[in-house]
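Each reported figure results from applying straightforward, stated rules to the coordinates on display, with no laboratory input. Just so we're clear, the structure is a prediction, and the values are computed from it rather than from any experiment. No Cβ is skipped: glycine too gets one built from the backbone with ideal geometry, and neighbour counts run over all protein chains shown.
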Amino acid sequence: DAGVIQSPRHEVTEMGQEVTLRCKPISGHDYLFWYRQTMMRGLELLIYFNNNVPIDDSGMPEDRFSAKMPNASFSTLKIQPSEPRDSAVYFCATRTQGNYGYTFGSGTRLTVV
Amino acid sequence: GDSVTQMEGPVTLSEEAFLTINCTYTATGYPSLFWYVQYPGEGLQLLLKATKADDKGSNKGFEATYRKETTSFHLEKGSVQVSDSAVYFCALSGGNQAGTALIFGKGTTLSVSS
């Protein structure tokens, strides 16, 4: 099993540009979570899905952020337009129902200049 | 709401020293508790977990006991190694508010020198 796969690993973009982060969950994992990690705020839950349906997006900071899960094998987190304060490491994590084995991807380090 | 508080670091120890990282939580319901470890440039890895009161989670020499009376889940290791240097996160899931998602503490950086 290749684990949770995130792409890209690093992204540098200019303020105002659109950024799309991608996550491929482990096959059979029906929960998918997006987290953001910064020095100031630690690990924050942005949104999570169950069976491709968004369950809780209360952590999404503003309308500039959006997330989709069009099918069980793919999710995206989009920021449009990006701002320097969005610079962080974004993690995707997945798990199965009834099993607390959350598996994290290696993260995407986003730098907005 | 559900939350986790852990001791601030960095924690600096010599090899073979005893480690304690304190973690307390606030949650309604019956959450499960976790410790995750993050090595530089990597994602988070599950270190250990406990799903009900008085359970002890253990892995790689690390231990933590779920104490409902003190709402704590302190991480301990009897003899740390240089390779244990990492950031450690306490987390909970399954509280009435947190629900399915993991709620993390701010993390504690451990640095072990030889």
The range B:26-65 scanned against label point 7 Å out from residue B:79 along Cα→C-beta; backbone N under 16 Å for B:60-63
One checks the Cα atoms of the protein assembly as shown and finds Rg and Dmax, in Å, of 17.6, 51
Note: probe point = Cα of residue B:18 + 7 Å toward Cβ; backbone nitrogen < 14 Å; residues of the range B:63-85 passing the test are B:63, B:75-80
To the nearest 0.05, the calculated FRET efficiency linking residue B:109 and residue A:71 through their beta-carbon distance, R0 being 41 Å, is 0.60
Filtered hits (aspartates and glutamates, Cα-Cα < 14 Å from residue B:56, offset >= 8 within chain) -> B:76
Taking Cα atoms only, Rg over Rh for chain A with Rh from the Kirkwood formula is 0.95
hull vol. (C-alpha, convex hull) per residue for the range B:1-101, Å³ -> 97
Counting only backbone N atoms under 16 Å from a point 7 Å out along Cα-to-Cβ of residue A:64, the residues of the range A:21-55 in range are A:21, A:36-38
Of all DSSP beta bridges with both partners in chain A, the antiparallel percent, nearest 5, is 90
Between residue A:14 and residue B:26, Cβ-based FRET efficiency (R0 45 Å, step 0.05) works out to 0.65
Under a Gaussian network model of chain A whose springs join Cα atoms within less than 10 Å, the largest fluctuation of A:86, A:30, A:63 belongs to A:63
